[in-house]
Amino acid sequence: MSRVDDLIAKHCPNGVEFKTLGEVVTPKRGKRLVKNQLEEAGDFAVYQNSMKPLGYYHESNTQAGATFVIVAGAAGEIGFSSNAFWAADDVYFFPETDAVINKYIYHFLLTKQHEISSQVRRASVPRLSIVAIEKLKIPVPPLEIQREIVKVLDTFTKLEAELEAELEARRRQYKYYRDALLTFGECTDADASKQARITTLGEVATIVRGASPRPIHFFLTEGDDGVPWIKIGDIASGEKYITTTAERITAAGADKSRRIYPGDFVLSNSMSFGRPYISKIEGCIHDGWLSISGFSNSFVPDFLYHLLRSEPVQAEFARRAGAGTVQNLNADIVKSVPIPIPPLEEQEHIVSILDKFDALVNDLSSGLPAEIKARRQQYEYYRDKLLSFAELEAMA
């Protein structure tokens, strides 16, 4: 920061010139490809609608060796590429210019992400007008200052990228050990820690579908005596527990629903297909959930949680739910899934290992996701600070 401050004091103590983006760089629009022209792999990624490649193409419509800022018109997403690619017709890209460093434009546009996204025309085919981008006012300090700002901000983004890569590696590691630790052989007389009794989940637990009082708005209440009404949106991505709800229902509504209690599991039967959660509250679930209870004689709760999330069980859910575009679990399917029941002591041992991995890759308060969030906030703080300039007053 002090280096940037010194450069500003040296080169532009009275402020910097602001220009519209269209004055300093000429955006270009991509060209349309039809679906049968796309390839599953290739040299040039095809960007359309978002920063995630739609496919690949054998040619590029950008310049090899150049750097580009990319704006996906339909979503207003902003990306950066140092490789040639194919831009589809709803993607705009900005080639390098002599006046402004592309990476500087990229960081600047990220400060305008909300403003750009709000300019997307919401219609049957969402579209972002390039005029909305060209009109954005951008501070244009000397190139030396731009380079120093990019250097500082790239340090933060590199660290975040390294943490993201580590998180992905740890997720793969967690998945490997989870599935290995949760693979058991049938019990024999010569019992061992990796052997277990195999039965169906319905034999050792009570599994029922939720119920929805209808129309639901008749039963919603803001009263303190209302019963928590549990919806998928009440649970943050990656969370394990249900701790609170946004809405409550009346006692009459609860009588028409399915009540669950602390320690019960709920399993999504459509959205977030097959994802288990553990309730820490008493509440009611609608018919988009299944509840799992009455398993304490067979399972340590945290072991059952890891087991239900494991690849073999999830794959079995998917297989039995059918191959349609909309898969749907029901109580009978979940009851019929075969599961291993190792000794409780072995379950506790497995939990002690998997919980450490789970916290590392999923805990939003202490694991890698928390560190990534902190680094992203740090980047945003310094980005906004570094890109806030006093505007040079026009000469009379």
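The values are calculated or read from the model by the stated rules, or taken from the named source; none is laboratory data. Please read all numbers here as calculations on a predicted model, not as lab measurements. A quick note on method: Cβ atoms are made from the backbone with ideal geometry, for glycine too, and the neighbour counts reach across all protein chains shown. Calculation scope for accessible area: heavy atoms of the full protein, side chains included, ligands and nucleic acids excluded. Shrake-Rupley method; radii C 1.70, N 1.55, O 1.52, S 1.80 Å.
Entry comment: accessible area of the chain is 52 Å² per residue, from protein heavy atoms only and a probe of 1.4 Å.
Taking amide H as placed 1.01 Å from N in the peptide plane, Asn61 has its amide H under 5 Å from the amide H of Phe85, Trp86, Ala87, each at least 5 places away in sequence or on another chain.
Work out the charge dipole of region 299-375 with +1 on the Cβ of Lys and Arg and -1 on the Cβ of Asp and Glu about the Cα centre, then indicate which of Leu307, Pro342, Gly322 is farthest towards its positive end. Towards the positive end, the residue furthest out is Gly322. In order along region 136-146, the Karplus-derived 3J(HN,Hα) couplings, from 6.51 cos²θ - 1.76 cosθ + 1.60 at θ = phi - 60°, round to 4, 8, 10, x, 10, x, x, 4, 4, 6, 4 Hz, and Gly and Pro are given as x.
Here's how it looks for Val91: its modeled amide H is under 5 Å from those of Gly30, Gly73, which are all 5 or more places away or on a different chain. Annotation: amide H of Arg248 within the under-5 Å range of Thr221, Trp229, sequence separation 5 or more or interchain, hydrogens built in the peptide plane. Phi angles of region 345-356 translate, via the Karplus equation with coefficients 6.51, -1.76, 1.60 and θ = phi - 60°, into HN-Hα couplings of 5, 5, 4, 4, 5, 5, 4, 4, 7, 5, 5, 5 Hz per residue; Gly and Pro are given as x.
With point charges of +1 on the Cβ of Lys and Arg and -1 on the Cβ of Asp and Glu, referenced to the Cα centre of the chain, which listed residue (Phe219, Thr62, Ser296) lies farthest in the positive direction of the dipole? Of the listed residues, the answer is Thr62.
Quick one, which of [x] 4, 17, 20, 20, 18, 13, 5, 1, 0, 0; [y] 5, 23, 32, 25, 12, 3, 0; [z] 4, 21, 29, 23, 14, 6, 2, 0 is the actual P(r) over Cα pairs in 10 Å bins from 0, in percent calculated for this model? Checked against the structure: label [x]. Here the relative contact order of region 85-149, from alpha carbon pairs under 8 Å that lie six or more residues apart, stands at 37 percent. In straight-distance terms, cross-link reach from Lys280 covers every one of the lysines whose alpha-carbon lies under 22 Å from its own, apart from those fewer than eight places away in the same chain; here that gives Lys231, Lys240, Lys256, Lys356. Across the chain, Cα pairs under 8 Å and at least six residues apart give a relative contact order of 16 percent.
Here's the picture: charge each Lys and Arg Cβ at +1 and each Asp and Glu Cβ at -1 in region 272-382, and of Ile333, Ile278, Phe357 the one pushed furthest to the positive end of that dipole is Ile333. Here region 23-79 and region 97-113 have alpha carbon centers that stand 18 Å from each other.
Under the convention that each Lys and Arg Cβ holds +1 and each Asp and Glu Cβ holds -1, the size of the dipole of the chain around its Cα centre is about 1000 debye. In this Cβ point-charge picture (+1 for Lys and Arg, -1 for Asp and Glu), region 9-84 has a dipole of about 220 debye about its Cα centre. With only the Cα atoms considered, region 238-396 has a convex hull volume of 203 Å³ per residue. So what is log10(I(q)/I(0)) for region 88-172 at q = 0.11, 0.24 1/Å, when the Debye sum runs over its Cα atoms only? Values, matching the q order: -0.45, -1.16.
In order along region 276-292, the Karplus-derived 3J(HN,Hα) couplings, from 6.51 cos²θ - 1.76 cosθ + 1.60 at θ = phi - 60°, round to x, 9, 10, 7, 9, 10, 8, x, 10, 10, 8, 7, x, 10, 10, 10, 10 Hz, and Gly and Pro are given as x.
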